[in-house]
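Worksheet: one structure, shown below.
The values are calculated or read from the model by the stated rules, or taken from the named source; none is laboratory data. What you see is a predicted model; the values in this text were computed from it and never measured. Glycine also receives a Cβ, built like all others from the backbone with ideal geometry; neighbour counts cover every protein chain displayed.
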Amino acid sequence: MTPILLTIACLFAVTLGYSGLCAASPFGDCRKCHGMGHELTTDRKGRLKRGKDCRRCKATGKRIRVGRWLYNRWARIYRAGTAD
């Protein structure tokens, strides 16, 4: 097989895999708080304690994946354009 066809096949497999991931699990962990919903701070003795709520995910710990966000945007535009 030529390298170009192999590259195209690999890209196609990655695209299908990511599409399946976005369909099965549209939300991923927040990148800022790593899915905890808040940051960790330490007290004066060095023990961990709960910090402020994460502003990026609004303390949910989840974010919508890029592929799912693009699909939702496309579906919203399609529904708005084909409405009777």
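Of all residues in the stretch 60-84, those satisfying the criterion of being within 18 Å of Tyr18 (Cα to Cα) and either β-branched (Val, Ile, Thr) or not in a helix (DSSP H, G or I) (or both) are Lys62, Arg63, Ile64, Arg65, Val66. Tell me, yes or no, whether the stretch 47-56 has at least one residue that is touching a Gly at 6+ places or on another chain (Cβ under 7 Å) and either in a strand (DSSP E or B) or loosely packed, with under 10 Cβ neighbours inside 10 Å (or both). Within the stretch 47-56, one or more residues are touching a Gly at 6+ places or on another chain (Cβ under 7 Å) and either in a strand (DSSP E or B) or loosely packed, with under 10 Cβ neighbours inside 10 Å (or both). Could you please find all residues in the stretch 1-51 being under 22 Å from Trp69 (Cβ atoms) and among the basic types (Lys, Arg)? Correct list: Arg31, Lys32.
Of all positions in the stretch 14-27, at least one carries a residue that is of a type in the set (Val, Ile, Thr), without any contact (Cβ under 8 Å) to a residue 40 or more places away in the chain and in a helix (DSSP H, G or I). When the stretch 39-84 is filtered for residues that are under 27 Å from Ala24 (Cβ atoms) and touching a His at 6+ places or on another chain (Cβ under 9 Å), the ones remaining, listed by number, are Cys54, Ala59, Gly61.
In the condition set (1) surrounded by fewer than 10 Cβ atoms within 10 Å (Cβ to Cβ); (2) at pLDDT below 90, Leu40 is compliant with all but (1).
For Asp53, the criteria (1) more than 20 Å from Leu21 (Cα to Cα); (2) in contact with a Pro (Cβ under 6 Å, 6 or more places away or on another chain); (3) among the charged types (D, E, K, R) hold in every case but one, which is (2).
Would you check if Cys33 is outside any strand (DSSP E or B) and either touching a Leu at 6+ places or on another chain (Cβ under 8 Å) or surrounded by 13 or more Cβ atoms within 10 Å (Cβ to Cβ) (or both)?
Values: outside any strand (DSSP E or B): yes; either touching a Leu at 6+ places or on another chain (Cβ under 8 Å) or surrounded by 13 or more Cβ atoms within 10 Å (Cβ to Cβ) (or both): yes.
Here the answer is yes, as Cys33 does meet what is asked.
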